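Below is one structure; the comments refer to it alone.
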Amino acid sequence: PMFEEKYNVELDIMYAGTGRALEYGKRGDVDIITIHSKAHEEQFVAEGYGVQRVPFAYNYFLIV
């Protein structure tokens, strides 16, 4: 709500797995997708569906 009030926009947030999110993007149903598969993101952009890939978070997996 703070973002929507500040910028006078309405956000419709959708949750989906990587495959479905990519399909939404390919069909033009969404403006932004956030997924956790770098390879799929790069392919999505390379195929012309995306304009720019911008990493904004990462994590490390540890096996103890």
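What number of residues within segment 48-64 satisfy the criterion of being of a type outside the set (Lys, Arg), in contact with a helix residue (DSSP H, G or I) (Cβ under 9 Å, 6 or more places away or on another chain) and surrounded by fewer than 12 Cβ atoms within 10 Å (Cβ to Cβ)?
The total comes to 3.
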* Asked: Regarding VAL45, is this residue β-branched (Val, Ile, Thr) and surrounded by 10 or more Cβ atoms within 10 Å (Cβ to Cβ)?
  -> yes
Flagged in segment 25-36 as surrounded by fewer than 13 Cβ atoms within 10 Å (Cβ to Cβ) and not β-branched (Val, Ile, Thr), in numbering order, are ARG27, GLY28, ASP29, ASP31, HIS36
Flagged pairs (Cβ under 6 angstrom, 6 or more apart or on separate chains; first in segment 7-24, surrounded by 13 or more Cβ atoms within 10 Å (Cβ to Cβ); second of a type in the set (Gly, Ala, Ser)) are THR18/SER37
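Readers should treat all values here as calculations from the given coordinates under stated rules, not as data from a laboratory. This structure is a prediction, so every number in the text was calculated from the model and none was measured. Methodologically, a virtual Cβ is constructed for each residue, glycine included, from the backbone with ideal geometry; neighbour enumeration extends over all protein chains shown.
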